[in-house]
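Data block below; observations after.
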Amino acid sequence: MSTPDASPAPRPAAPEELGAAAPLDAGAAPDSSAALSIRGLRKSFDDREVVHGLSLDVPRGSFYGIVGPNGAGKTTTLSMATGLLRPDAGSAVVLGEDMWQQPARAKARLGVLADGLRTFDRLTGRELLTYVGLLRGMDAATVEERSASLLEALDLAGEDGKLVVDYSAGMTKKILLASALIHAPRLLVLDEPLEAVDPVSAQVIRTILTAYVDGGGTVVLSSHVMELVEGLCSHVAIIAGGELKADGTLAEVRGEGTLVQRFIDLVGGARVAEGSLSWLES
Amino acid sequence: MAGVLSSEQTAVASAQHAGHGEIPTRAVIRLLVGLKWTLWKRSYRKNVGKIVGTVIGTLYALGGLVGLTFAFLGTTLWSGEGETFPLILRTLGVAAVLLWLLIPLLAFGVDDTLDARAFALLPRRARELQPGLFAAAALSLPSLFTLAAVAVATVFEAIWLVLLGPGPLWTVLALIALVPANLAGIVLCLLLPRAVFAHQAGRASSRSGRELGGILAMVVFLAVVYAFSVGMQSLGSLDLDQLLPALLVAVDVLAWTPIGAPFAVPMDLAEGAVLVALGRAAVTAASIWLVWRWWRRSLDAAMTSALTGDASSGTAKVSALVPRWAPSTALGAVIGRSLRYWRRDTRYLAAISIYPVMFVFFGAMGFVLPESRSFMMIMVVAMGGLTGIAISNEIGFDGPAGWVNITAGAPARANLLGRVVAAAVIVLPIVLVLSAVVSVVLGMAAHLPVILLGMLGLVLSGWGASVLAGTLLPYPTSPPGTNPMKDKSASSANAMLSMAITSAAVGVPQIPAIGLAIWGLLGGGPLIELLAGLVAVLIGAVVLVVGLRLGAARLERSYPELFQKVRAFV
C-alpha cells in the first residue's frame, strides 16, 4: 500500500464539491431498477447517531466499491442493507424488494459476506455450504453439485475434514464467499472481502467477482484499500462520519487525480509534524 | 536485510542505543509487580460479579483464618507434649502444598495475567523475567491468605516449642529453622502449580485435545467432589482407629517428598531427629531449585514459541451434514449442524458431561443411605428434566454466527425444531438408560413406568420452556471450545434470570402430573402411577408445541434484535 506522502496539505471539502452525481433526497422513492437502493438510513447506538440519513443507488451490473476510513459507518450501513441491523429510519431495497418489509424475498436475491463475525466454524467447509444451501431451501442435489464446483474453484476441495475454525484468513474469506454465492444471487454484498487475504487467494476472489459482474451480477464491496477499489470497481462511494461524501462512476468520483487523492481531500487527513520523530532517523 | 541498508543505516542499526541495555533484576521485579497490580485493579472495573465473588471469597478466607487460629489454640493446649502436635503440623503442611497443586490443576487454573508469551518480543530472557514473574505471582489474594495462615501456624509452633518443647537445645534449633522452613514451604506452594502450567502451555497440543482436557478436568473435579461427599456420608460406619494408622504412614511418606518436606523440618528438629531434618531440608532445597529451573525452561520455551499453542488440530470425519434419517431440507440442515456442534463444541459437551456424574452420585448416595432412596430417585428424575435447559440459550451459543442464519433467511420453526431434535438424539437415550439403571440399583424397578414416563414428560416440557426462553432472553456466551472451568458466561445477570425462569417453566406446568404421581406412589397403586406418567408426557408435548410456536413467532419477528444482543462472544 502506498502512502499519500506526495499529497498537498489536506483541506475540508467545500459542499459544492461533494459527490460527482446529484445527491439523493432521503425522501425520494427507492429506485427499483437499481440492484440496491438505500434511502435515508439512520442508526444510533447509545443515543449517538452513527449513520445520518444515508441514501445511495447501486446500478444493476455495476461493481460498486464503498470506501471510507475506519469507523465511517460502512459496516453499519451494509448491516442495515442486508437485514442484520434494523435501521431507526429509512429503507433498503434489494432488486425491487424491501429488505425490512419483505425480508424473505429480499434475502433470496442477495448473497452476503459479513466482516468480523465468525461463522459456524465448527463445521467443515463442505458442511457449511450444505448448511447454507439447504437453509435457503435449495434441493440437496443442487447444493451438492454447486458445493463441489465452488470448493474446486476456490481451491478448497483438498481441505475436506478441516474445520473452518482451523482455516487461514484467506481460506475463511473464500468459504464465506462460497456461502454467499451458492444460491446464485443477483446481488452480492461483501464487507471487506479481501481483508487479511494473501495475494494468491485475493487473485482467485478477484477473478471470480469480475466474472460474476461480467455475467450480469452486481457486487457491492466495502474496503479501505483504495488501490483495490480503483483496480476493480466501476462505481464508487466515499462514506465518512456516517454520511455519503461522494458517489458515482469511478471516473466521476476521482476526477483528474487518484482515488486516494480525492479520498484524502474529502475525508481530511493528518500529517506527521516534520521532525517529530527525528530520533528514529539518526 | 543488510543488503537493502546503506552503510550509514547499517552503522545506525548496529549502534548501541539506550533501551537495549541491561536492566537490573530489581527494576524488572518492580515493573512486573506494578504491572500485575495495575491489571488486577483494572480487572474489577465494570465487573460486579468479580467484586462480589472477591468479597465473598475474602470473607470465607477471613473466617477460615479465625477458625484456624482457634483450632491452633485448642490443638496447642490439647496435644501437649509428645508426637501429636508435630504430626498435625506435618499433615497441615502436606495439605497446603497439595491444595496449591490440585486446586489450580483441577479447577481454576493459575492466574495468567502475566503470560510469558506476552514478553516474547522484548529483548529479555526468562532468567531475567523469572524473579519478577514470581514476585507478581506472590501478589494475589490466595497467596496473601496462605502467608497469613502460615504466619498463624508459625506463631503457634513457636509457642508450642517454647512451652512444651522437648529440650532447650532442640527448641532453639527448631526455632531457628522455623521461619526459613515455612517460607520455603510457601515458595513451593507458589512455584509448583506455575511450573506445571507453564510446562503444559509450552507443549504443542491439538485444539480438540486441549478442549477435551478441559472437560475431563471438570468431570474429574466433580467426581472427586461428589465421591468425597459420598465418602463423608459413609464415614460414620467406618472405624476411625483403622483410618488413623494409614494416615500416619501416608503423611510420613509424603513428608519425604517435595509436598511434605518443607513444613516438616522444624517438627523433626523438635523431635530431635537431626538426620531426618537434614534430609528433608535437602529435599526441600533440591525441589525448590529443580522446580525453579523447570519453570525457567518452560518460560524460555513459551517465549520462543508464542504462537504455537493455538495452532494445529485434528481432522473431522467426512460425512454428509444431514443424517440419513433426516429430510434434506432446512430442518435437516439445522439438525445436522446441531448434532455436529454437540460433538465438536465443548460448551455442549460440558453441559451433558455433568449428568453421568450426577446420576452416579445420586445412585451412590441412595445406595449408601437407604432411607434417602426415594428422595435420590426424585432428584434423578428432576435432573433428567433439567437437561432440557442445555438448549435454553441457542441463539447466544450461535453468537456472531447468527448472521449466517439471518442472511440465508433461515425458516424460524426449522431453526428451533432442528435443535430440539438434535438434543433429543443426544440426550434422551442417556437420561432414560441412566435413570432406568439407577432405579434398578435402588430397588425401585416396580416404579419404572412412572419414572421413565415422568422423566420423558419433564424433558419435553424442558425443551419447550428452553426454546421459548432462548428466543426471549438470549445472553452472550463464551466462544466454542472455552474450557468449562473458565467459562464465565453463566454468571451474568441475564444468564441467571434466563436459567431461573426456564427451570421454573420446566416444573410448573407439570404440577398436575406431579400430584398424580405422589398419589400413586403413596398408595394409589400402579394404575394411578401410569396415569401420572402419561399425563406428564401429554403436558410435556403441549408445552413443547406451544414453546416452539411462540418461539418461532418471536424469532421470525425479531431475529436481528436478538442477534445484536449476542453478536459478540464474552
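The values are calculated or read from the model by the stated rules, or taken from the named source; none is laboratory data. The shown structure was predicted, so the numbers you read here are calculated from the model rather than taken from an experiment. Methodologically, a virtual Cβ is constructed for each residue, glycine included, from the backbone with ideal geometry; neighbour enumeration extends over all protein chains shown.
Taking first residues from region B:547-568 that are within 9 Å of chain A (Cβ to nearest Cβ) and closer than 21 Å to A:MET99 by Cβ and partners that are buried (at least 20 other Cβ atoms within 10 Å of the Cβ) and of a type in the set (S, T, N, Q), the Cβ contacts under 8 Å between residues at least 6 apart in sequence or on separate chains come to B:TYR559/B:ASN405. As a summary of the residue check, B:SER392 satisfies the conditions (1) of a type outside the set (A, V, I, L, M, F, W, C); (2) touching an Asp or Glu at 6+ places or on another chain (Cβ under 7 Å); (3) at pLDDT below 95 except for the one numbered (2). Search region A:255-282 for residues being in contact (Cβ under 8 Å) with a residue 60 or more places away in the chain and surrounded by fewer than 16 Cβ atoms within 10 Å (Cβ to Cβ), and hand back the single one that is farthest from the other protein chains (Cβ to nearest Cβ). Result: A:GLY255. Every listed requirement among (1) out of contact with any Phe, Trp or Tyr (no Cβ under 7 Å at 6 or more places or on another chain); (2) away from chain B (no Cβ under 14 Å) is met by A:ALA104 save one, (2). Only one entry of B:ARG373, B:ARG347, B:ARG343 meets the criterion of being touching a helix residue (DSSP H, G or I) at 6+ places or on another chain (Cβ under 9 Å), surrounded by fewer than 22 Cβ atoms within 10 Å (Cβ to Cβ) and under 29 Å from A:ARG136 (Cα atoms), and that entry is B:ARG343. Under the condition of being more than 7 Å from chain B (Cβ to nearest Cβ) and farther than 15 Å from A:LYS174 by Cβ, the residues counted in region A:124-143 number 6. Of the helices (runs of 4 or more DSSP H) lying entirely inside region A:144-247, those carrying at least 2 residues that are within 14 Å of another protein chain (Cβ to nearest Cβ) are A:169-181. Applying a threshold of 7 Å to beta carbon distances and a minimum spacing of six or more residues, or different chains, the list of pairs starting in region B:118-135 at a residue that is exposed (fewer than 15 other Cβ atoms within 10 Å of the Cβ) and ending at one that is of a type in the set (D, E, K, R) reads B:ARG127/B:ARG296. Of all residues in region A:77-87, none satisfies being farther than 30 Å from A:ASP160 by Cα, in contact (Cβ under 8 Å) with a residue 24 or more places away in the chain, among the small types (Gly, Ala, Ser) and more than 14 Å from chain B (Cβ to nearest Cβ). The residues on offer are B:GLY520, B:GLY533, B:GLY551, B:GLY540, and the sole one that is buried (at least 17 other Cβ atoms within 10 Å of the Cβ), in a helix (DSSP H, G or I), of a type outside the set (A, V, I, L, M, F, W, C) and in contact with an Asp or Glu (Cβ under 7 Å, 6 or more places away or on another chain) is B:GLY520.
Residues in region B:503-517 that are within 34 Å of the chain's Cα centre (by Cα) and either among the β-branched types (Val, Ile, Thr) or not assigned by TED's automatic domain parsing to the domain that holds B:LEU458 (or both): B:VAL506, B:VAL508. Does B:LEU133 count as farther than 16 Å from B:GLU271 by Cβ, in a helix (DSSP H, G or I) and not charged (D, E, K, R)? Criteria met by B:LEU133. Looking across A:GLY27, A:GLY40, one residue alone is on the phi > 0 side of the Ramachandran plot and either modelled with pLDDT under 95 or in contact with a Gly (Cβ under 7 Å, 6 or more places away or on another chain) (or both). It is A:GLY40. Being in contact (Cβ under 8 Å) with a residue 40 or more places away in the chain, buried (at least 24 other Cβ atoms within 10 Å of the Cβ) and not basic (Lys, Arg) is a property that does not hold for A:TYR131. The single residue among A:ILE182, A:ILE208 that is within 17 Å of A:ARG146 (Cβ to Cβ) and either buried (at least 21 other Cβ atoms within 10 Å of the Cβ) or in contact with a Gly (Cβ under 7 Å, 6 or more places away or on another chain) (or both) turns out to be A:ILE182. Being over 24 Å from B:LEU254 (Cβ atoms), in contact (Cβ under 8 Å) with a residue 24 or more places away in the chain and exposed (fewer than 15 other Cβ atoms within 10 Å of the Cβ) is a property that holds for B:LEU141. Among the residues making up region A:139-164, those that are buried (at least 20 other Cβ atoms within 10 Å of the Cβ) and either over 18 Å from A:ILE205 (Cα atoms) or touching a residue at least 40 places away in the same chain (Cβ under 8 Å) (or both) are A:VAL143, A:LEU154, A:LEU163, A:VAL164.
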